[in-house]
Amino acid sequence: MKLYERFDNVLTSEQQEACIRELETPTWQMAESIPDSYTFWYKNLIDSSFFNTFFFDVITNLTKKKFVIDRLYANGQSYGQSGYLHKDSEKEECWTFLYYANPKWSIDWGGSTVFYKNETEYDQALFIPNTGVIFKSNILHAGLEPTRHFKDVRMTVAFKLTEIMKD
């Protein structure tokens, strides 16, 4: 059983360039997910019309689901900033769409997202540029750090979504 669904070639080349331009603006900050825990790079994107309108429409067209955005931000990780196992929500109607934003990536650089079903069953989404994965937010997962061979920041865009149920 797959714990996530992958979408390849999410954006056109021009849209990818616009995405990177938006992510390269200097509003990144260091953040902690849990007080006194590891730090990572964070950029709030909720006010970006590129992400909250255009990209959100791309997601609803790809997934054929209706959502509202709960949170929208970019994560950045460099070597030594591995994520921890967590759930984004406990609610069954909540989903996470994660977009792998770096325009170039090598398998040698790591940076996968790992999804855990239980102690012995897990699945892994490789970091592949211009792909997105959607998964139920109540699935235990972690974003893994890039290896020491990658000298930059692993960038993902996280859409935290609530599905609007049909009547």
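Read-outs: derived from the displayed coordinates by stated rules, not from any lab. Model, not experiment: these values are computed from the prediction. Please note: Cβ atoms are built from the backbone with ideal geometry, for glycine as well, and neighbour counts cover all protein chains shown.
Key figures
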item: Among N118, N130, N102: highest mean-square fluctuation, GNM of the chain, C-alpha pairs under 10 Å; result: N118
item: Computed magnitude of the charge dipole of the range 5-163 (debye, nearest 20; Cβ of K, R +1, Cβ of D, E -1); result: 120 debye
item: Average Cα contact separation per residue, the chain, under 8 Å, 6 or more apart, as relative contact order %; result: 32 percent
item: Expected 222 nm ellipticity per residue - DSSP helices of 4 or more, -39500 (n - 2.57), all of the chain, to 500; result: -3500 deg cm²/dmol
item: Exposed trypsin sites (Lys or Arg not before Pro) absent: longest stretch of the chain, with sites in DSSP loops and at most 16 other Cβ within 10 Å deemed exposed; result: 3-63
